[in-house]
Structures are given as structure tokens and as C-alpha cells.
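> One structure, as C-alpha cells, below. Some questions next.
Just so it is clear, none of the values below were taken in a lab; they were calculated from the coordinates. Only a predicted model underlies this, so the values are computations on that prediction, with no experimental measurement involved. Every residue, glycine as well, gets a Cβ built from its backbone with ideal geometry; the counts of neighbours run over all protein chains shown.
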Amino acid sequence: MQTLAEGLENAGHRAVVVSTSPQKGVSTGTIAGVKVYYVGLKNLYWPFKDKKNRAVFKPLAHAIDTFNPWMAREVERVLKLERPDLVHTNGLSGFSVLAWQSVKRRRLPLVHTLHDHYLLCPRSTMFHRGKNCERRCVECVPYASPREHYSNRVDAVVGVSRFILERHLRYGYFDRVSTKRVIPNPYQAESPARKPYGVHSLPIRFGYLGQLNTNKGIELLLDNISRLQVGTWRLSVAGRGLNAYESYLHEGYANPAIRFLGYTRPAAFFSGTDVLVVPSLLRESFGRVIIEAYAYGVPVIGSNRGGVLELIEEGRTGFLFDPDLPEELVERAERFIDRPSTIDEMRDACLRKAAGFLPRSVTETYLDLYAEIVEAIRGACALRG
């Protein structure tokens, strides 16, 4: 969202971002020329850090997050102050679908982008007790049904992948919305690493970059990479998680071939990585880390779930595997070990793939969509008037 907002500013438009905040009240700031409103969350707790008594209050907090008139009122105040030509919602967590109602009360064009499963599932993942949900859980329906109803308030819906868009459509969301598109998230490398060609040899440097939690499949990776022949591989794990879980990983997977790096900037990480592994158990909506890898010319081994399927070109930019068949992960890794030249052969295809996700290209696609929606609404108003 930040990249898109900055891209709109760079294209000569004015972008204003409205975000939730753990602090009470409303404050403003500026990031890279973009004005940001920080709206203190009006709910029972701040969901991203505060876990005290969360289990007790969670059902009520989810209910408020489905219909939050206090946050909708704050959205209305911002709209009155800023008087936008169009509103583009991306994450409604904290604001609730009543934010859409606030927008349509002012008869403004409204675009929504689906980044996750928030409208379908209060957890935003449709992943529960170590498994992907094949259908909405009974406890999710009371929260999801009103969100489905309000989804028809938008004028255009965008999925960051075809997977996440079609999943919402299958459940009946946005069924009266005529404009439906797939527009990926943008990414541009901060400083592309310049690796010489033809120098890959054993050991192959595999890498993991992302959150350290069970849903992301980090243990699946750690359990199975050790099955590879000693001396043929190394693994760098970059990212953070809960302190207790990080300690568990460090102690349970102590191996001289495995390094835990903690937080690491992408340029530094990918300069020391030959192949990225994305072993997610979740059905990811997109998989931005894959595009990051491509931007540095690094091929990817990824799980064949969700939006990841749309990003990896089998045999050209990497390989897919089934997380339920961990031997497939081992076999894909062995392909690079047995033939290190595959890394260089895939590099150009990875770089070409990354070019399609550059911020300027994605921004222009959204601008075309905005213009189309504004024109359609003007035309409809003219016919009625």
C-alpha cells in the first residue's frame, strides 16, 4: 500500500492514507510525501501485540470489527476533510465494512483490493489448527455473512492473485460488482545484487526469508533439508518470530549448516542466497517474498498452494512442491545440488518475471482502473439525471 501511495504521488496525483493505530485519538504524519492519518483503534484491544485476556474478549472484538460505527465515524471525518475523488480500501481490519458505507454515503467511487481472507475469516487466513479450511468454519459465518452483504457496495474489486479473487467469488462475495480484476502487489529491489554468472558450486546456499511461525512451514523446511547429503547444502534463515518459538528453533535445529540471521535486509540476504525456499502451509494470497527473490535473480522452490502457484513458472523460475509430500521438497532441492548450473539458467527468467511487478507498472494499472470507475459512475449519474 505504501508503494502504491508513493507511486500515485510520483505520477502527479495526491494520495492520503488512513491507518489504524494503537494510540488513542487521531494524529497525522507524512511518509515520503504521503499524508497519513493514524486513527486510534476503537475496540477492546490492539490485536497485533496485546494478548492479555484476548481469548475471553475475542468473540466480541471480532463482532465489533465486523460493524464498528466508531471507526466508521472517523473515516467519515477524514473524507469530509480531504474530499477525495476516489477511495481505495486495502485492509479493513480495525475499520470494518462500515467504512464502505461511509464512503458510499458521500457517493464516492470505491475500489477494494483483496490481500488476504479477512472478509471470509476473522483470522484472515482460513487456516486453523494446522490445516487449511476447505470451507468457512461455523464460528466464522456470523462475522463473514455481513461482510459478504456489504461487499456489493464497492464499484470494483481487485485480487492480488486470481486465487484470492476467485475464492471470494465462490463464496458469493462481490456478485453484483461488475468490475473484477487481478493486479499484483508491486516490488522493486532496493539495490539489486550483482552476482557473476557460472560460479555456483557446492554447497548450494538455500535461504528462507519471512516470519518464523508454524504456518509458514519453517519446521517443514528444517526437518527435511537435513535429509540432503552433508556438505552439499547450507541454509540461511532470516526473519523473526515470538521469542519462545525462536529459541525452540535454535535449540531444536542446531546444525553447523543452518544459520539463523534474525532480521536481515533483502539485498544482504539475497547476495548470499542461491535458491529461496517458500514452504508455506497456508494458501498464501500472493507471496511477495517470491517477487523479491526474482528481483535479485534468485530462483524459488515454493509450495503449490494459493497465489504461489501463479508466481512460480515450473522449470523456468523455480519448482513447486506439495507440503503434504515433504519428499518432493527434498527432490526439488536435489535438482539444484545435482546441477548447480540450473541456478544461472533460471536467473534471466527470474529477472524478467520481476520486471512485471515494478511499482510504476502496477501504479499505471491502478490509475487506468480508477479512471474507468470514475467515468462509469459519471456516465451512470448522467443517465439518471
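> Assign unit charges at the C-beta atoms only (+1 for Lys and Arg, -1 for Asp and Glu), then state the dipole size of the chain relative to its Cα centre in Debye, rounded to the nearest 20.
For the chain, the charge dipole is close to 1460 debye.
> Sticking with this one: With the chain treated as a Gaussian network of Cα nodes joined by springs under 10 Å, which of E139, E148, E166 yields the largest mean-square fluctuation?
Taking springs between Cα atoms under 10 Å, the residue moving most is E139.
> Can you work out the FRET efficiency for the pair K104 and K58, with r the C-beta to C-beta distance and R0 = 22 Å, to the nearest 0.05?
So, using R0 = 22 Å, E works out to roughly 0.15.
> Sticking with this structure for a sec: Going by C-beta contacts inside 10 Å, put C381, C140 in order with the fewest on the left.
C381, C140
> Per q in 0.15, 0.16, 0.31 Å⁻¹, report the Debye log10 I(q)/I(0) for the range 336-385, using one uniform scatterer on each alpha carbon and no solvent.
Each listed q maps to, in turn, -0.62, -0.65, -1.02.
> Among P184, H62, Y294, which residue has its Cα furthest toward the positive end of the charge dipole of the chain, with +1 on Lys/Arg Cβ and -1 on Asp/Glu Cβ?
Value: H62.
> Same structure again: For the range 31-122, what is the largest minus smallest coordinate of the Cα atoms on each principal axis, given in angstrom and ordered from greatest to least?
Here the Cα extents, ordered largest to smallest, are 41, 28, 24 Å.
> With unit charges on the beta carbons (Lys and Arg positive, Asp and Glu negative) and the dipole taken about the Cα centre of the chain, which residue among H13, A144, W100 sits farthest to the positive side?
The residue sitting farthest along the positive end of the dipole is W100.
> What chymotrypsin sites (Phe, Trp or Tyr not before Pro) in the range 2-89 are in a loop by DSSP, with at most 12 other Cβ atoms within 10 Å of the Cβ?
Filter output for the range 2-89: F48.
> Same structure again: Could you calculate the contour length gain from N304 to S93, that is, 0.36 nm times the residue separation minus the distance between their Cα atoms, to one decimal place in nm?
Contour length minus Cα-Cα distance gives 73.2 nm.
> Another one. Stick to the Cα atoms of the range 83-220, pair each with every other, and give me the Kirkwood hydrodynamic radius in Å at one decimal.
17.7
> Read phi for every residue in the range 9-14 and hand back ³J(HN,Hα) as whole Hz from Karplus 6.51 cos²θ - 1.76 cosθ + 1.60, θ = phi - 60°, with x for Gly and Pro.
Couplings: 4, 5, 8, x, 9, 10 Hz.
> Quick one, can you get me the convex hull of the C-alpha atoms of the range 158-266 expressed as volume per residue in Å³?
Cα convex hull per residue, to the nearest whole number: 173 Å³.
> Right, next: Could you pull out the pairs from K24/K49; K42/K131; K24/K216; K35/K80; K42/K216 whose alpha carbons sit more than 21 Å apart here?
As for pairs spanning more than 21 Å Cα to Cα, those are K42/K131; K24/K216; K42/K216.
> Please name whichever of G252, V111, G25 sits farthest to the positive end of the charge dipole of the chain, dipole taken about the Cα centre and charges placed at Cβ: Lys and Arg +1, Asp and Glu -1.
Toward the positive end, the furthest listed residue is G25.
> Compute the normalised compactness of the chain: alpha-carbon radius of gyration over 2.2 N^0.38 Å, N being the residue count.
The chain yields a ratio of 1.05.
> Which value at 222 nm does the chain reach when only helices count, each DSSP H run of 4 or more adding -39,500 (n - 2.57), with the total divided by all residues and rounded to the nearest 500 deg cm²/dmol?
Calculated at 222 nm, the ellipticity per residue is -12000 deg cm²/dmol.
> Choose one answer from P299, P47, P279: the residue with the largest mean-square fluctuation in a GNM of the chain with alpha-carbon springs under 10 Å.
Evaluated over the chain, the most mobile residue of the options is P47.
> Would you mind working out the magnitude of the charge dipole of the range 250-339 relative to its Cα centre, with +1 at each Lys and Arg C-beta and -1 at each Asp and Glu C-beta, to the nearest 20 Debye?
The calculated dipole for the range 250-339 is roughly 400 debye.
> For the range 204-355, what is the charge dipole size about the Cα centre, in debye to the nearest 20, if Lys and Arg each add +1 at the Cβ and Asp and Glu each add -1 at the Cβ?
520
> If R₀ is 25 angstrom, what is the calculated FRET efficiency for the pair A267 and T3, using the beta carbon separation as r and rounding to 0.05?
With R0 = 25 Å, the Cβ-Cβ based efficiency is 0.90.
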